[in-house]
1. Sort through 42, 72, 55 and tell me the only one that's farther than 20 Å from residue 96 by Cβ and surrounded by fewer than 18 Cβ atoms within 10 Å (Cβ to Cβ).
2. Can you name the number of the only condition in (1) over 16 Å from residue 96 (Cβ atoms); (2) loosely packed, with under 15 Cβ neighbours inside 10 Å; (3) free of Cβ contacts under 8 Å to residues at least 60 places away in the same chain that residue 83 fails?
3. When you go through (1) part of a loop (DSSP other than H, G, I, E, B); (2) modelled with pLDDT under 95; (3) under 19 Å from residue 17 (Cα atoms); (4) under 17 Å from the mean Cα position of the chain (by Cα) one by one for residue 32, which number turns out not to apply?
4. Keeping to segment 62-106, report how many residues are in a loop (DSSP other than H, G, I, E, B) and either closer than 14 Å to residue 40 by Cα or over 13 Å from the mean Cα position of the chain (by Cα) (or both).
5. Considering only residues that are surrounded by fewer than 14 Cβ atoms within 10 Å (Cβ to Cβ) and within 15 Å of the chain's Cα centre (by Cα), which ones fall in segment 13-27?
6. Suppose we keep only residues that are in contact with a strand residue (DSSP E or B) (Cβ under 8 Å, 6 or more places away or on another chain) and closer than 28 Å to residue 43 by Cβ within segment 107-121. Which one would you say is modelled with the lowest pLDDT?
C-alpha cells in the first residue's frame with residue numbers, strides 16, 4: 001500500500017473542511033509536507049489474496065500539512081503505519097470527496113521531489129504545547 005519512499009496518507013474520514021483522519025502508508029511525513037498527488041486505491045479481496053489497483057486522480061493539488069494529531073497529542077512527524085488526524089491547507093481540498101464504496105480509498109501522496117518545509121524544534125517529535 002503506497003510507496004514507502006515517500007509519504008502516502010490514506011484517508012479514512014473527513015472532519016470538517018480541512019481535517020482528515022487516516023493512516024500513513026508511506027515514509028515519515030511531517031508538518032510542512034506538501035502533497036501534490038491524489039490517488040484512488042481500490043482493493044479486491046480474493047480467496048487467498050488481496051489485490052490493489054491505483055489510479056491517479058490529480059497531479060495538480062498542493063496541500064500542505066499544517067498539523068498532525070495522534071492520540072490527542074500534536075506531533076511534528078508521523079511515522080509509517082501510524083494513524084492520525086491531519087490538518088491540511090492549500091489548493092485541492094475541494095477534490096477530496098471520499099468514495100462511498102468501502103473497497104475504495106483516497107490517498108494523498110508527496111512524491112520524493114517534495115520536501116517538508118522548515119519547522120521549529122527539529123529535534124523534537126512532539127510539537128510544543130501552546
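The values are calculated or read from the model by the stated rules, or taken from the named source; none is laboratory data. Just so you know, these numbers come straight off a predicted model, no measurement behind them. Using ideal geometry, Cβ is built from the backbone for each residue, glycine included, and neighbour counts are taken over all protein chains shown.
1. Answer to the selection: 72.
2. All conditions pass for residue 83, except number (3).
3. Among (1) part of a loop (DSSP other than H, G, I, E, B); (2) modelled with pLDDT under 95; (3) under 19 Å from residue 17 (Cα atoms); (4) under 17 Å from the mean Cα position of the chain (by Cα), the lone unmet condition for residue 32 is (2).
4. Total meeting the criteria: 12.
5. Matches in segment 13-27: 13, 15.
6. Checking each candidate, the answer is 114.
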